[in-house]
């Protein structure tokens, strides 16, 4: 868990570097909004050095990031709006727990009543 309390370039860089270190060989597409952290030369260099593809929302078009917007909407409805948090640590713990739940336990109709990781683990590995 990062100790940062502000959304700034240091947090974005630290998070990307940590993700890359913890997932060697992974080459996901990185989708971000147009925040100053993600349009900076420094962030671009991290993405380029790792050989990743950077996808960015168009100005004023939140639909470009619809999947993540939908995920955060579900998290807020299912876990955030129904509780009161007394610390940052409690919020971070709830988010981490929800991400695990969403990926491993939360069944989805569009996935034929399976959780995302069940579908992923059942898929044949690409060569």
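The values are calculated or read from the model by the stated rules, or taken from the named source; none is laboratory data. Please read all numbers here as calculations on a predicted model, not as lab measurements. Cβ coordinates were reconstructed from backbone atoms using ideal geometry, including for glycine residues, and neighbour counts include every protein chain displayed.
Worth pointing out:
- Within the range 59-75, considering residues that are exposed (fewer than 11 other Cβ atoms within 10 Å of the Cβ) and part of a loop (DSSP other than H, G, I, E, B), the one modelled with the highest pLDDT: 59
- Qualifying positions in the range 40-57 - closer than 12 Å to residue 9 by Cβ and either in contact with a helix residue (DSSP H, G or I) (Cβ under 7 Å, 6 or more places away or on another chain) or not in a helix (DSSP H, G or I) (or both): 40, 42, 43, 46
- Across the range 34-45, not a single residue is classified as closer than 25 Å to residue 103 by Cα and surrounded by 11 or more Cβ atoms within 10 Å (Cβ to Cβ).
- Qualifying residues in the range 93-123 (those that are touching a strand residue (DSSP E or B) at 6+ places or on another chain (Cβ under 8 Å) and in contact (Cβ under 8 Å) with a residue 12 or more places away in the chain) - the one nearest to residue 68 (Cα to Cα): 116
- Some residue of the range 86-97 being under 17 Å from the mean Cα position of the chain (by Cα), surrounded by 11 or more Cβ atoms within 10 Å (Cβ to Cβ) and over 20 Å from residue 6 (Cα atoms): yes
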